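The values are calculated or read from the model by the stated rules, or taken from the named source; none is laboratory data. This one's a predicted model, so the numbers in the text were calculated from it and none came from an experiment. Here the Cβ is made from the backbone with ideal geometry for all residues, glycine too, and neighbour counts use every protein chain on show. These area figures cover heavy atoms from the full protein model, side chains too; ligands, DNA and RNA do not enter into them. Shrake-Rupley method; radii C 1.70, N 1.55, O 1.52, S 1.80 Å.
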Amino acid sequence: MIMTHPGLPYEWAIIICLLMIILIVLALRTSSIYEPRQYSINLVELPVIGPLIKFLTFNSWPLFILKLIVVLLFLFVITAGLFGSPIAERNLATVLTWNLWWTGVIVSVFFLGSAWCAICPWDTIAGWLIRRRLWYRTSSNNSLNLKLPKRLRNIYPALFLLVGLTWLELGFGFTINPYMTAFLGLLIMLLAIFSLAIYENKPFCRFFCPIGRTIGFYSQLAVVELRPIDTDICANCTTLECYYGTETIEPCPTRLVMGRLKQNTYCTSCGNCVQSCSKKNIAWRMRPPTREIAQDARSHWDEAWFMLILLGITSFHGVTMMPFFEKVLSKLGYMINDSGSLLLTFSILLFISLLISLLVYIFFIWLTKILSISPISFKKLFSGFAFTALPLAFVYHLAHNLNHLVRENDGIGQIILNPLGIEAEPLSMMEKHARHTEILLNQDLIFLLQSSLIVFGFWVSLKIIQNRGISLIKINGRYLLPMIMFSVLITGIHLWLLTQPMIMRM
Amino acid sequence: MNIKKMNLIRIFFLTLFCSSAQGHHVLGRPSYSLNEDSTTPPSMQVEVQVGEYYITYMVFPAFPSPNQPGRVNLYASRIDNGEPFQGQVIFKVRDNNWLNKREEVLGIQAVDDNVFRQGFEFQEAGNYIIRAEFESDSESYQIDFPLRIGDASVFGPIGVTVSLIALLLITVNLLQRKKLINAKISPKYRYKDKSL
Ligand code: SF4
Ligand code: SF4
């Protein structure tokens, strides 16, 4: 029996559509460039939260303790996955990994940026084994410190692994398989260890990790950033400890120079720079979430592909949870004579959906180019406007995850009491119904949050289009209509998906 | 005769490590259920699509142990009109092992109330493959399903992970030593290698 969560009521969808129309009219009437507000608040100076951030970032050991806790949890997940019950909803491995962590970590990005990477168990374990240290820098290590080949110095490997992860997650059903969840955890750990043992710095975090890069891109929309307090101090700095590290503090793992840092994408929030900077000039700050993505972030070809594929994957993720998906899959599988779990058919559908999202984007970029009569190259336009995809993907991802997070975490207490699910029985009908009806938030509040997210994402995408339009091709207003239509189309699809009942992942 | 044979590897990976419940995409995913009306142990069920048929395969109990009698129920219905298959199904078994391909016939079952029921009892714990074979419209269908008896061996992934890490550390250390020796004997090398 398949149980579904109710979709967003149509009244809400109508309100969202009206708000979108108002935003479009405003965007079309504006002739000036959108200037995001430039304020930023040094979080360390705030009461209560300031001392806490100071405590966590200026000393090595609090972060070490957090890492230790996460590593222990990770090992526990592996143990539960390999030795525990194969019943997904009774096993800590699947519940913690997919219901709590993977859904929660995306939500956390908006408020905490890439904070997950600061305590990531894969990187921590790799660091402990290869760097042979728990928190301080050591002169000797277990790495060959080779230079990463040039052709790997882009995020295509992470993109490839992201598509692979989606395929395993949705096609192979890793999310409902404790054993395979543990297996995947071990595999990512091995990749992190091997790349650290072979190459210098942390190429896994910067170029390969699909989770880290997804978090990194989404954190362009975070309300926090790690930046210099006084940019002049960085401009005149000759020691660059943030980049080179000190005798006891590791250098920046992703080779970022604080004084020139304009985007969160590759920062893993490790805090090395905060500790190594001799002028104590680096701090966590609060900022408007549109500034980086609409204005500061520089466009790159490989990054544009990542953002667009991320959008395609996010939308496809939603489609696979619609009750009609199984029927489409079955029909197509029958037509092409696929059999078993229809993995080939699934792969084809995944490929087609990614292709469609890319082609749609390319079409609107082409229209923009024609309308603007600009000599700018297609490649530049493609990379520059690709940021538009990010808020659309992010808000849908959040709105979708919200459902998983608040509607599917009943029964956590039982998991804590019996994490391996030993002797646990499958969910009874009564439990299934209880899980279906017991939600952590009021249903209307969920709808309100989802609607606000969609409107917010659409608004941010318009701001990106306005700002990038002026900076790339000096056009605004109606000339940007094709890109606005792209944003409307994607938001419309996401809105429609949200209004549909969604299959419950128990 | 055209043989529609399910890709064993696909189903093997999906169901060997038996997972559960309602997924987003349910074909080929094992699900566990309780029998609400009695005290019988839970069962495991997998639904797949092969050629013209939807096939549902159920194992009772879901986690059979050695020397415990169990049963496989198979139900096949046509995709186009939902009509249940009414012929005969041959059930075979073999070790789930790449080297051992020797099969034994478990039994030949006729339909009973649209269901084909095959009993089993294994003496040894391990991973087995149950093959259900039938013929319909001159086409031969072979469907392989994994069956785990007793607890699975879980030391595989841990053993492989630990061995790989150990091998990596040893190799890196050996290479580092070699570099160090080269650096000591060659001043030219010393200039080049910044990592030392
Ligand atoms: S980038 Fe990946 S491996 Fe690196 S810290 Fe982040 S999640 Fe961990
Ligand atoms: S050292 Fe680099 S990765 Fe770490 S927090 Fe600073 S900028 Fe980010």
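In the list A:Ser315, A:Ser372, which residue meets the criterion of being open to solvent by 10 Å² or more (accessible area, probe 1.4 Å), at pLDDT 95 or above and among the polar types (S, T, N, Q)? Walk me through it before giving the result.
Numbers: A:Ser372 fails: at pLDDT 95 or above.
Residue meeting the stated conditions: A:Ser315.
Of all residues in the range A:248-277, those that are more than 14 Å from chain B (Cβ to nearest Cβ) and among the acidic types (Asp, Glu) have Cβ atoms under 6 Å from Cβ atoms of residues that are in a loop (DSSP other than H, G, I, E, B) and more than 6 Å from ligand 2 (Cβ to nearest atom), 6 or more apart or on another chain, in A:Glu250/A:Arg137.
The C-beta contact set for the range A:119-137 (first residue in contact (Cβ under 8 Å) with a residue 12 or more places away in the chain, second residue basic (Lys, Arg) and assigned to a helix (DSSP H, G or I), distance under 8 angstrom, 6+ apart or interchain) comprises A:Ile119/A:Lys67; A:Pro121/A:Lys67; A:Thr124/A:Lys67.
Every listed requirement among (1) within 14 Å of another protein chain (Cβ to nearest Cβ); (2) open to solvent by 20 Å² or more (accessible area, probe 1.4 Å); (3) under 18 Å from A:Thr268 (Cα atoms) is met by A:Phe58 save one, (1).
Here is a list: A:Leu381, A:Leu350, A:Leu359. Which entry is hydrophobic (A, V, I, L, M, F, W, C), within 27 Å of the chain's Cα centre (by Cα) and open to solvent by 60 Å² or more (accessible area, probe 1.4 Å)? First the steps, then the outcome.
Details: A:Leu381 fails: open to solvent by 60 Å² or more (accessible area, probe 1.4 Å); A:Leu350 fails: open to solvent by 60 Å² or more (accessible area, probe 1.4 Å).
Testing whether each residue is hydrophobic (A, V, I, L, M, F, W, C), within 27 Å of the chain's Cα centre (by Cα) and open to solvent by 60 Å² or more (accessible area, probe 1.4 Å) leaves just A:Leu359.
Taking the stated definitions as given, is A:Leu342 under 25 Å from B:Gly51 (Cα atoms), touching a residue at least 40 places away in the same chain (Cβ under 8 Å) and among the aliphatic types (A, V, I, L, M)? No: the conditions fail for A:Leu342.
If you go through the range A:197-216 one residue at a time, how many are aromatic (Phe, Trp, Tyr) and within 15 Å of ligand 2 (Cβ to nearest atom)?
Looking only at the range A:197-216, we keep the residues that are aromatic (Phe, Trp, Tyr), and these are A:199, A:204, A:207-208.
Filter once more, keeping what is within 15 Å of ligand 2 (Cβ to nearest atom): A:204, A:207.
Residues meeting the conditions: 2.
For the range A:99-130, filtered to residues that are open to solvent by 10 Å² or more (accessible area, probe 1.4 Å) and within 12 Å of chain B (Cβ to nearest Cβ), the residue that is nearest to ligand 1 (Cβ to nearest atom) is A:Ile125. Just one of A:Val48, A:Val25 is outside the structural domain of A:Pro121 (by TED's automatic domain parsing) and at pLDDT below 95; which is it? Exactly one of A:Val48, A:Val25 is outside the structural domain of A:Pro121 (by TED's automatic domain parsing) and at pLDDT below 95, namely A:Val25. Here is the figure for the range A:217-274: residues that are hydroxyl-bearing (Ser, Thr, Tyr) and open to solvent by 30 Å² or more (accessible area, probe 1.4 Å) total 7. For A:Leu417, are the conditions met, namely being in the same structural domain as A:Leu359 (by TED's automatic domain parsing), open to solvent by less than 30 Å² (accessible area, probe 1.4 Å) and either more than 27 Å from A:Leu367 (Cβ to Cβ) or touching a helix residue (DSSP H, G or I) at 6+ places or on another chain (Cβ under 6 Å) (or both)? Considered against the rule, which asks whether it is in the same structural domain as A:Leu359 (by TED's automatic domain parsing), open to solvent by less than 30 Å² (accessible area, probe 1.4 Å) and either more than 27 Å from A:Leu367 (Cβ to Cβ) or touching a helix residue (DSSP H, G or I) at 6+ places or on another chain (Cβ under 6 Å) (or both), A:Leu417 comes out as no. Would a scan of the range A:370-380 turn up a residue that is without any contact (Cβ under 8 Å) to a residue 40 or more places away in the chain, farther than 30 Å from A:Leu28 by Cβ and not assigned by TED's automatic domain parsing to the domain that holds A:Gly84? No. When A:Ala235 is tested against (1) modelled with pLDDT under 95; (2) of a type outside the set (Ser, Thr, Tyr); (3) within 12 Å of ligand 1 (Cβ to nearest atom), just one condition goes unmet, and that condition is (3).
Among the listed residues A:Leu144, A:Leu148, A:Leu190, A:Leu152, identify the single one that is within 16 Å of ligand 1 (Cβ to nearest atom), facing chain B (nearest Cβ under 9 Å) and farther than 30 Å from A:Gly340 by Cα. Quick ask: steps written out before the conclusion?
Working: A:Leu144 fails: within 16 Å of ligand 1 (Cβ to nearest atom); A:Leu148 fails: facing chain B (nearest Cβ under 9 Å); A:Leu152 fails: facing chain B (nearest Cβ under 9 Å).
Going through A:Leu144, A:Leu148, A:Leu190, A:Leu152 in turn, the sole match is A:Leu190.
Pairs meeting the criteria (first residue in the range B:43-62 and without any contact (Cβ under 8 Å) to a residue 24 or more places away in the chain and closer than 16 Å to A:Thr345 by Cβ, second residue of a type in the set (Val, Ile, Thr) and assigned to a loop (DSSP other than H, G, I, E, B), beta carbons under 8 Å, at least 6 apart or on different chains) are B:Glu47/B:Val26. Name every residue in the range A:217-247 that is within 13 Å of ligand 2 (Cβ to nearest atom), more than 14 Å from chain B (Cβ to nearest Cβ) and hydroxyl-bearing (Ser, Thr, Tyr), in order of residue number. The answer is A:Ser219, A:Tyr243, A:Thr246. A:Arg213: more than 14 Å from every other protein chain (Cβ to nearest Cβ) and open to solvent by less than 10 Å² (accessible area, probe 1.4 Å), yes or no? Answer is yes for this residue.
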